[in-house]
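Undergrad: Sharing a structure, written as structure tokens. Questions coming.
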Amino acid sequence: MEAIKVKDLMVPLDQYVCVSEDATLYEAVVQLEEAQAKSASTGYPHRAVLVCDKEGKVIGKLGQLDVLRSLEPKYSELTDLKKVSGFGLSAEYMRSMMQEYDLWKAPLDDLCRKAAQVRVGSIVSPPQEGEVAEEDATLDKAVHQMIMGHHQSLLVISGKRIVGILRLTDVFKEVSDRIKACKI
């Protein structure tokens with residue numbers, strides 16, 4: 001993978017859905033679904049939408065887990081879930097957290113109201129250091145970041161500007177194509 005750069009596999013911003021930070025969760029879900037329908041014929045579907053500020057600058061991404069997490073506001077009472085996600089928490093510990101924090105008692109009862117009230121700007125997080133890759137970084141470095149951080153995608157930067165997104169599905173396809181090309 002030494003010759004492949006992140007920019008060789010990334011999806012450029014102009015090919016990815018970007019919603020305003022003022023958009024509702026409902027609007028973001030609709031945009032994501034439309035993007036998935038469009039990309040179904042051309043490749044792997046998108047699993048996130050990018051969130052842009054008023055100037056059109058990407059401030060973060062909103063993935064499927066972020067949408068689900070936002071429907072249960074008590075998750076914000078817990079520690080930074082992204083930081084502990086790779087620790088392999090036991091099923092018993094996870095059950096105890098659900099009970100202790102009273103999570104998902106009535107999660108789907110009022111979806112429409114929640115989705116219409118929640119603004120994506122209030123739930124999107126700025127990308128952490130491990131969620132960003134330089135466009136000229138090697139693919140093996142990006143793979144390492146994805147594995148260690150359990151990321152489904154990385155935001156790709158040129159300087160300080162986000163220019164694309166590197167998706168795990170595209171990385172996996174490249175790696176699997178190379179494996180299949182081996183002469184065994």
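Nothing in this text is a laboratory measurement; each read-out follows from the coordinates by a stated rule. Being a predicted model, the structure only gives us computed values, none of them experimental. Cβ: placed from backbone, ideal geometry, glycine included. Neighbour counts: every protein chain shown.
Undergrad: Give me the distance in nm between label points sitting 7 Å out from Cα along the Cα-to-Cβ direction at residue 184 and residue 34, one decimal.
TA: Reported label-point gap for residue 184 and residue 34 is 4.4 nm.
Undergrad: A follow-up question, please. Would you mind ranking 33, 131 by Cβ crowding within 10 Å, fewest neighbours first?
TA: Listing 33, 131 from fewest to most nearby Cβ atoms yields 33, 131.
Undergrad: Still on this structure: For residue 19, enumerate residues with amide H under 5 Å from its amide H, sequence gap 5+ or separate chain, H modeled in the peptide plane.
TA: Residues meeting the criterion, in which the H sits 1.01 Å from N, are 50, 51, 52.
Undergrad: Given H placed on each backbone N at 1.01 Å, which residues far from residue 156 in sequence or on other chains put an amide H within less than 5 Å of it?
TA: Those qualifying (amide H under 5 Å, at least 5 residues apart or on another chain) are 133, 163, 164, 165, 166.
Undergrad: Hey, another quick one. Cross-link list 38/180; 61/173; 38/141; 5/54: which exceed 24 angstrom alpha carbon to alpha carbon?
TA: The answer is 38/180; 38/141; 5/54.
Undergrad: Right, something else. Using a cut-off of 11 Å between beta-carbons, work out the net charge of the residues near residue 57 (Lys and Arg +1, Asp and Glu -1, residue 57 not included).
TA: Net local charge, residue 57 excluded: 0.
Undergrad: With θ set to phi - 60°, apply the Karplus curve 6.51 cos²θ - 1.76 cosθ + 1.60 along the stretch 124-133 and write out the HN-Hα couplings as whole Hz, x wherever there is a Gly or Pro.
TA: Result, ordered by residue: 6, 9, x, x, 7, 3, x, 9, 10, 10 Hz.
Undergrad: In whole Hz and in residue order, list the ³J(HN,Hα) couplings for the stretch 55-65 that follow from phi through the Karplus curve 6.51 cos²θ - 1.76 cosθ + 1.60, θ = phi - 60°; x for Gly and Pro.
TA: Running phi through 6.51 cos²θ - 1.76 cosθ + 1.60 with θ = phi - 60° gives 8, x, 7, 5, 10, x, 10, 10, x, 4, 5 Hz.
Undergrad: Moving on. For residue 44 and residue 64, calculate 0.36 nm times their separation in residues minus their Cα-Cα distance, and state this gained length in nm to one decimal. Kindly include the intermediate steps, with their values, before the conclusion.
TA: Working: separation 20, 0.36 × 20 = 7.20 nm, distance 1.49 nm.
Computed gain between residue 44 and residue 64 is 5.7 nm.
Undergrad: Report the full-extension gain for the segment residue 148 to residue 169: residue separation times 0.36 nm, less the Cα-Cα distance, to one decimal in nm. Provide the component values of the computation, followed by the final result.
TA: Details: separation 21, 0.36 × 21 = 7.56 nm, distance 1.63 nm.
Extending this stretch completely gives an extra 5.9 nm.
Undergrad: By the scheme Lys and Arg +1, Asp and Glu -1, what is the net charge of all other residues having a beta-carbon under 12 Å from that of residue 29?
TA: On the way: positive: 114; negative: 27, 33, 34, 66.
For residues surrounding residue 29, the net value is -3.
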